[in-house]
Amino acid sequence: MDQQISKLRGQMHKLQEVILNNKKQIQSNLSMASEAKERNKESMMILKSRQAGRLTDSNLKLEDLYKKMEVFTYFSFGFYV
């Protein structure tokens, strides 16, 4: 049982890292899109905006998964991670 808890905690930690990295990428892409807009580089602006949008959608799904993992650990193992 302890191994399963440790494994799940590890997966949750990795998931948090992915979410954080995505947030950094979102900010980076949005700033690049803004800069591209100022320089009238429409194709670059569209590309970076779309990338930011896809990462945002991905984060919503990953955050939902993380919450489900939290609930699972709380009810399955009797404690809150």
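Please treat every number below as a calculation from the coordinates, not as lab data. Bear in mind the structure is a predicted one, so any value in this text is a computation, not a measurement. FYI the Cβ positions are ideal-geometry reconstructions off the backbone, even for glycines, and counts take in every protein chain you see.
Summary of values
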| item | result |
| --- | --- |
| Viscosity 0.890 mPa s, temperature 25 °C, Stokes-Einstein D of the chain from Kirkwood C-alpha radius, µm²/s | 170 |
| Dipole in debye (nearest 20) - the chain, about Cα centre, beta carbon charges: Lys, Arg +1; Asp, Glu -1 | 200 |
| Cα-based helix-to-principal-axis angle, 2-38 vs the chain, degrees rounded to 10 | 10 |
| Spatial separation of Cα centroids for segment 1-15 and segment 16-65, in angstrom | 29 |
| Helix 42-77 vs. the chain, principal-axis angle (Cα, 0 to 90°, nearest 10) | 10 |
| The chain - percent relative contact order, Cα under 8 Å, separation 6 or more | 32 |
| Helical contribution to [θ] at 222 nm, DSSP H n ≥ 4, -39,500 (n - 2.57), averaged over the chain, rounded to 500 | -33000 deg cm²/dmol |
